[in-house]
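Peer 1: Sharing a structure below in structure tokens format, with a few things to ask.
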Amino acid sequence: KAEISLQKCLIEDTYGPGCNFLGRTKGEIESCLFQRIGIGIAFDYHTKVETRDCVLRDILEGAFWAMPGESQMEVKLTSNQVHGCVWCTNKRPEKLTMKGNNFNETFPTQWKEVVLSHAPILHDMIACGQPWVQRDPPYGVKIATGF
């Protein structure tokens with residue numbers, strides 16, 4: 001049973017994570033739209049999260065972020081659409097199930113001006129745990145393949 005459930009929500013225009021699951025949180029995200037945000041959905045420690053039928057677009061750092069450190073995350077990504085960088089870093093949840101997702105790796109063009117003029121400020125606000133890296137299209141976090 002989910003402790004946190006989001007359905008048919010619009011999350012937009014923030015520099016931090018649109019949704020942040022911490023500790024031992026169990027959650028479900030269904031049919032939500034995340035747009036123009038720093039990081040889409042962040043997973044931490046012992047979280048168990050299922051995301052399905054969501055659209056994540058114009059995400060600056062990456063649609064999904066598995067936070068650094070020892071963890072036992074369990075994440076299911078089903079039938080989501082991601083336009084932009086898929087993962088914020090190279091770390092993945094320990095138990096990751098991906099099925100029927102559509103990943104279209106494009107850089108959010110409207111963010112380019114923001115990134116170039118506010119990079120130091122954004123880095124402090126995003127707090128991604130990684131050094132700030134300016135990504136130019138079509139580079140960025142590579143899409144996982146072979147699922």
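Peer 1: Which residues, counting only those in segment 1-36, are within 20 Å of Lys91 (Cα to Cα) and either aliphatic (A, V, I, L, M) or touching a residue at least 60 places away in the same chain (Cβ under 8 Å) (or both)?
Peer 2: Residues satisfying the conditions are Gly16, Leu22.
Peer 1: Identify all residues within segment 15-43 that are exposed (fewer than 14 other Cβ atoms within 10 Å of the Cβ) and closer than 20 Å to Met67 by Cβ; write none if there are none.
Peer 2: Just the residues of segment 15-43 that are exposed (fewer than 14 other Cβ atoms within 10 Å of the Cβ), to begin with: 22-24, 31.
Residues satisfying the conditions are Leu22, Gly23, Arg24.
Peer 1: Scan Trp111, Trp65, Trp132, Trp87 and give me the residue that is surrounded by 11 or more Cβ atoms within 10 Å (Cβ to Cβ), aromatic (Phe, Trp, Tyr), in contact with a strand residue (DSSP E or B) (Cβ under 6 Å, 6 or more places away or on another chain) and at pLDDT below 50.
Peer 2: That would be Trp111, the only listed residue that is surrounded by 11 or more Cβ atoms within 10 Å (Cβ to Cβ), aromatic (Phe, Trp, Tyr), in contact with a strand residue (DSSP E or B) (Cβ under 6 Å, 6 or more places away or on another chain) and at pLDDT below 50.
Peer 1: Just give me the residues in segment 1-57 being touching a Lys or Arg at 6+ places or on another chain (Cβ under 6 Å) and in a strand (DSSP E or B), in sequence order.
Peer 2: The answer is Glu12, Asp13, Lys26, Glu30, Gln35, Lys48, Glu50.
The values are calculated or read from the model by the stated rules, or taken from the named source; none is laboratory data. Not measured: the values here are computed from a predicted model. Quick reminder, even Gly has a Cβ in these numbers, built from the backbone with ideal geometry, and neighbours come from all protein chains shown.
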